[in-house]
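One structure is given below, encoded as structure tokens.
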Amino acid sequence: MSKQLTLNARMVLFSAQQEAARRSHAEITPEHIYIALLGETEGVADYVLARLGVNVEALTKAADQMAGEGESVEHDLPLSLSASRERPLTTEASGVLDLADAAAKSLYESYIGTEHLLVALTRLEDSPISAALTKAGAGEAALLAEISLLQNAQDPTDLETHGGGDSPIIRMATQILQEALKEQVVEVHIEPREGDVRVAHLAWGSFSEATTVPKHFLLPLVARYRSMINSPAAPGTTGAITVAYGGRGYELLLSERSTPYGEALVMRVLPRPLPETCPDGDGAQQNFSPVTSQRMAAPVGVSPIADVLSQHALRGRDIIGIEQLTRAEIMLILDVAARLKANKYDVTQTQFAQGQTLALLFEKPSLRTRVTFEAGMTQLGGHAIYLEGRLGVRETVPDVARNLDRWIDGIMARTFAHQTVLDLAEYASIPVINGLSDREHPCQALADFQTLGERKGRLAGLKMTYVGDGNNVAHSLMLLAAKVGVDFTIACPKGYEPDEALWQVALGCAAETGATLTITDNVTEGVRDADAVYTDVWTSMGQEEETAERLKIFAPFQVNAELVALAKPDALVMHCLPAHRGEEITADVLEGPQSVVFDQAENRLHAQKAVMSLVL
């Protein structure tokens, strides 16, 4: 036999020989191997069956009937007696060994063990053995998951000096981290899919698939990374791993989320200085502080965001809306946003707005827009001045623009009328950023697509369905979707469609990227198979007199559990906030596991920091 077997696996085949002899069978069949496996008590197979709570005695009785009785031969008769020859394997039994070999290789093992023989039996097509094991709770998936968990045994934090140990799971987990750090990624995504597990890297604003691993490695990989956690969990994270690699220290912030195919894991990579008391390369584990500092610090080596100041494609430009941005400019903003988020405590960013001042003009009150722009300017080394009031009342908008132009470096305006933003841009030579107008909400859309890309690992080819009023948010979303190749459907009542002129612009962009744009008043069809379901309030500020009428008209367009169930099982639920629970969205959906509304809110900070870094 050319295949390499462990001692216990060889003993199982020896017992199968005896079983065939006892039954006076001329050949060894899969049933004989099955009975021998169930009687084996020293190998991994027995331990795995016990872990799964399988009733081995009941399986043995059923297996005895499957094998059939032959002529009476003494139970303990050695192989050398009676027939005095080694019984050959049937074609089916040889197939079991081939399947066991494949199972061992899929688990990155060099030898076939009893556990691999057990997995092989579950892979027999139309076999009563496979059916019996599956019914008992020991089907292929359950066995592979349990076996993989047994491979997880060590706890290295130095990815070079420890090298990962002998366990395949440890080697795999270590290799994933090493490749990520080597490529200087900002995030590692381990995402289960229907047939496998996808390992993807987020670097320079885009995702790339690093590798795929068999589905049965999901649980042990997640367990492996959980076991490595050596820092308490920060808000929104499971915990942190601190490692040394390439002469540098790194902190990996772990967060988990549930998907229809299992737990997904995201590791955000943050450079951290190595402690002076434990120099790199001495072979010892690094003793990092268990508390993540909230203070900015100099990066280790070259900063991953050092090139931002040399990006001039948008320098001095107005950000009036998504309508005026090209696909390349949008992707640049998303790339910088992703890197700023991943390097939130890199002091390099304080140069991006150093000594600059941004005026924040608010005609409408705001939580997210004000806080994220003010905090963003502070983090970029600049300063923001908040000004509230209706523009054009005390003095004209052109006069406001020309005054601010003499004093400061940029204007962010959150207005009622889009024309106000246009007037500010026309009369001020400094950059003007649209923080919201009745035509567009570009900063919100940029944050939303940053969130969509983070969660899905890509943008092109996804489907987003917007449910509700064809308002400013819908305008920016449909334009951005069309420009980056995301299929976009808006489900809205008749008479509440998006602006026709902007719709035509979006259709033109979609023709270039291959995106599909759809307007429908059939909300169930619109949501079907969506990757993201997005909604907004039915009555925007300035439309309060229409509230009662809108509540009646939009009632069938509420995003609730029944509607979300029509989308893909892993669809995201999105809302720009603030939300009116019980109106456009139910509380259970807004607070449910598919909701990413607070990720969207968080990304307002990073997307707007990217905009300011690139235009100021």
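Readers should treat all values here as calculations from the given coordinates under stated rules, not as data from a laboratory. These numbers come from a predicted model, not from an experiment. Cβ atoms come from the backbone with ideal geometry, glycine included; neighbour counts cover every protein chain shown.
Numerical summary
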read-out	value
All lysines inside 26 Å of Lys344 as judged from Cα atoms, apart from same-chain residues fewer than 8 positions distant	Lys182, Lys456, Lys609
Residue (of Ala491, Gly461, Gly508) at the positive-pole extreme of segment 455-607, dipole from beta-carbon charges	Gly461
For the chain, with +1 on Lys and Arg beta carbons and -1 on Asp and Glu, the positive-most of Ala445, Pro299, Ala264 along the dipole	Pro299
Net charge contributed by nearby residues that have their C-beta within less than 10 Å of Leu360 (K/R +1, D/E -1)	0
Charge dipole (debye, nearest 20) of segment 313-440; +1 at Cβ of Lys and Arg, -1 at Cβ of Asp and Glu	340
18 Å Cα-Cα reach of Lys494 towards lysines, excluding residues that sit fewer than 8 places from it in its own chain	Lys552
Spatially proximal aspartates and glutamates relative to Lys215 (Cα-Cα < 19 Å; intrachain offsets below 8 disregarded)	Asp101, Glu109, Glu115, Glu140, Glu146, Glu191, Glu194, Asp196, Glu256, Glu263, Asp570
Charge dipole magnitude, Cβ of K and R +1, D and E -1 - the chain, Cα centre, debye nearest 20	1260
Fully extended contour minus Cα-Cα distance, from Glu194 to Phe14, at 0.36 nm per residue	61.0 nm
Calculated [θ] (222 nm, deg cm²/dmol) that DSSP helices of n ≥ 4 give over the chain, each run adding -39,500 (n - 2.57)	-12000 deg cm²/dmol
Tilt relative to the chain, helix 500-513 - C-alpha long axis, 0 to 90 degrees, to 10	40
For Kirkwood radius over Cα pairs in Å, calculated from these coordinates, the label among [x] 26.2; [y] 32.3; [z] 27.9	[z]
Whether segment 420-567 is rounded, prolate or oblate, judged on the alpha carbon gyration tensor where a/c under 1.5 counts as rounded	oblate
Nitroxide proxy distance, nm - points 7 Å out along Cα→Cβ at Ala555 and Asp529	3.2
DSSP beta bridge pairing in the chain, given as percent antiparallel to the nearest 5	50
Mean separation of Cα contacts under 8 Å (6+ apart) over length of the chain, as relative contact order %	9
In nm, spacing of pseudo-spin labels at Thr547 and Lys344 (7 Å Cα→C-beta vector)	3.5
Estimated FRET transfer efficiency when R0 is 35 angstrom, pair Lys494-Ser258 (beta carbons, to 0.05)	0.40
Positive-end residue, the chain charge dipole about Cα centroid, Cβ charges, pick of Asn343, Leu52, Pro578	Asn343
Simple label model, 7 Å out from Cα along Cβ direction - Ala62 to Asp399, nm	8.8
Within segment 316-406, GluC sites (Glu not before Pro) in DSSP loop having at most 13 other beta-carbon neighbours inside 10 Å	Glu395
Other-chain or far-sequence residues with amide H under 5 Å of Asp529's (modelled H)	Ala567, Lys568
Extension gain, Ser429 back to Ala328 (0.36 nm per residue minus Cα-Cα distance, nm)	34.0 nm
Residue-span extension gain [Ala223 to Leu577] - 0.36 nm each, minus C-alpha spacing	124.0 nm
Cleavage-rule hits (chymotrypsin sites (Phe, Trp or Tyr not before Pro)) in segment 370-445: DSSP loop, at most 16 neighbouring Cβ within 10 angstrom	Phe416
